[in-house]
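Colleague: Input: one structure, supplied below.
The values are calculated or read from the model by the stated rules, or taken from the named source; none is laboratory data. Predicted model, so just to flag it, every value in this text is computed and none were measured. Backbone-built Cβ (ideal geometry, glycine too); neighbour counts: all protein chains shown. Ligands, DNA and RNA are excluded from the accessible area calculation, which covers all protein heavy atoms including side chains. Shrake-Rupley method; radii C 1.70, N 1.55, O 1.52, S 1.80 Å.
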Amino acid sequence: MRVRRDEWPPVTIVVAALNEAALMPGKLRELAALAYPGPAPRIVVVDGGSSDGTPAIVAARAALDPRIALVETTLANKIAQLNTALARARAPWVLVTDVDARLPGDALERLMRAARADDRVAVVGTTAMPRRPYPLDAWHWRLSNALRRLEQRCIDEMHICEAAYGGAGRGNLYTGRGQIERDDLGRRAAQLLA
């Protein structure tokens, strides 16, 4: 779907979850309140077999807000959950975020403004640092953020990047060498990084 620069494209927001009952109500409120001048984004929560009531929380909110959809699986694997959600996403852009990530109210609009600035852009994102991370998590995010900054300096055209803490990407990423279908993304990423 080609969108003129003066239009705001549809976006699907994807959240993978496993035993996130304590954080899910706040995350759903946050996502529902995101400012966006385009069509209201669809919010897809993929639950990986939670045992703490997470699916019931999402289902109750979905009953009140038609933008929210719950997909229940037994896949306690974030990548498998994201692939499940991507297979259901119909919007040309997908925002992937974690339950424990906090997005400012204008995050979606800012990300999509950056994406709309250049038709060659396929992925936009930001650095991340969770609140009160465990020491190993803090190390992971410092390293991950440093690598993102290095990529920005070294690569003219970003091919593939992780955007788990609030980034958006085209449903089919264009690399200049042809379309990458969603199912081929992992294999292609491995080829690019080999």
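Colleague: Could you give the spread of the C-alpha atoms of the range 57-104 along their three principal axes, from largest to smallest, in whole angstroms?
Modeller: Computed over the range 57-104, the largest-to-smallest principal extents equal 28, 28, 25 Å.
Colleague: What do you get for Rg/Rh of the range 25-103 when both radii come from the Cα atoms and Rh is the Kirkwood radius?
Modeller: Here the Rg-to-Rh quotient is 0.93.
Colleague: Give me the Debye-computed log₁₀ of I(q)/I(0) at q = 0.12, 0.16, 0.20 Å⁻¹ for the range 1-68, equal point scatterers on Cα only, no solvent, two decimals.
Modeller: -0.36, -0.57, -0.79
Colleague: Also: Provide, in order from the shortest bin, the percent of all Cα-Cα pairs of the range 3-140 in each 10 Å bin, continuing until the bin that contains the maximum pair distance.
Modeller: Using 10 Å bins, I get a P(r) of 11, 41, 36, 11, 1 for the range 3-140.
Colleague: Towards the positive end of the charge dipole of the range 2-80, with charges on Cβ (+1 Lys, Arg; -1 Asp, Glu), say which of 59, 9, 35 has the farthest Cα.
Modeller: The Cα lying farthest towards the positive end belongs to 9.
Colleague: Largest first, what is the accessible-area ranking of 61, 29, 149 with a 1.4 Å probe?
Modeller: Ranked list, largest accessible area first: 29, 149, 61.
Colleague: Taking 0.36 nm per intervening residue step and subtracting the Cα-Cα distance, what contour gain separates residue 134 from residue 106 on full extension?
Modeller: Once the chain is fully extended between residue 134 and residue 106, it gains 7.3 nm.
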